[in-house]
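Data block below; observations after.
The values are calculated or read from the model by the stated rules, or taken from the named source; none is laboratory data. The structure presented is a predicted model; accordingly, all values stated were derived computationally and were not measured. All Cβ positions, even for glycine, are placed from backbone atoms using ideal geometry, and neighbour counts span all protein chains on display.
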Amino acid sequence: MNFVSVRIITEAIKPLVAFYEQVTGLPVIQYTDDFAEVQTPSGTVAIGSTRTLQLFGGEHIAKAAHNQSAIIEFRVADVDADYQRLAEMLGDSVVQKPTTMPWGNRSLLFRDPDGNLVNFFTPVSAEALAKFDQQG
């Protein structure tokens, strides 16, 4: 089995697409007005409008802007540099400025326009670096 992607369901796809394009610096591929993807070498963040829920049986399947249990994480080369680049844009959506966590990652935590938590992190301890080097 191979983990491929996580999908965010939103009522406002255009602002979310623009946000992820800006924070990641990666192009967002917009397949339709209702579906887009941010592709990274290790996985994809898919963004689907609430209209796509009809394909799965109806809008009761998921609720936009209601995530309170998952964090979307991106490994970045230099989390402090990314914070400097994004601080003004992120403004009050920053939950935690870059901080070194006990497990060896330096982490920046913020919210996307729908309130989903996003973590940019850089492994900094020898153990964290070794872990991620093994994963490729």
- Are any residues in the stretch 1-17 within 12 Å of the chain's Cα centre (by Cα) and either of a type in the set (S, T, N, Q) or exposed (fewer than 15 other Cβ atoms within 10 Å of the Cβ) (or both), and if so, which ones? S5, V6, R7
- Mind checking which residues of the stretch 52-100 are among the charged types (D, E, K, R) and either over 23 Å from I29 (Cβ atoms) or modelled with pLDDT under 95 (or both)? E59, K63, D78, D80, E88, D92, K97
- Residues of the stretch 74-94 satisfying the condition of being surrounded by 15 or more Cβ atoms within 10 Å (Cβ to Cβ) and more than 15 Å from V124 (Cβ to Cβ): F74, L86, L90, S93, V94
- Please verify whether the stretch 125-134 includes one or more residues that are outside any strand (DSSP E or B), assigned by TED's automatic domain parsing to the domain that holds T10 and either among the hydrophobic types (A, V, I, L, M, F, W, C) or within 22 Å of N2 (Cα to Cα) (or both). no
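Quick one: count up the residues across the stretch 102-124 that are more than 20 Å from K14 (Cβ to Cβ), part of a loop (DSSP other than H, G, I, E, B) and touching a residue at least 12 places away in the same chain (Cβ under 8 Å). Show your work before the answer.
Restricting attention to the stretch 102-124, the residues satisfying the condition of being more than 20 Å from K14 (Cβ to Cβ) are 102-109, 117, 119-124.
Still in the list and also part of a loop (DSSP other than H, G, I, E, B): 102-104, 124.
Going one step further and asking which of them are touching a residue at least 12 places away in the same chain (Cβ under 8 Å), we end up with 103-104, 124.
The number of residues fulfilling the criteria is 3.
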- The one condition F56 fails out of (1) assigned by TED's automatic domain parsing to the domain that holds A12; (2) hydrophobic (A, V, I, L, M, F, W, C); (3) surrounded by 13 or more Cβ atoms within 10 Å (Cβ to Cβ) is (3)
- What residue, among those in the stretch 18-35 that are in contact with a Ser or Thr (Cβ under 9 Å, 6 or more places away or on another chain) and closer than 23 Å to L86 by Cβ, is surrounded by the fewest Cβ atoms within 10 Å (Cβ to Cβ)? L26
- Over the stretch 76-109, the set of residues closer than 15 Å to L129 by Cβ and among the charged types (D, E, K, R) is D78, R106
- Task: Name every residue in the stretch 111-136 that is polar (S, T, N, Q) and within 18 Å of the chain's Cα centre (by Cα), in order of residue number.
- Result: N116, N119, T122
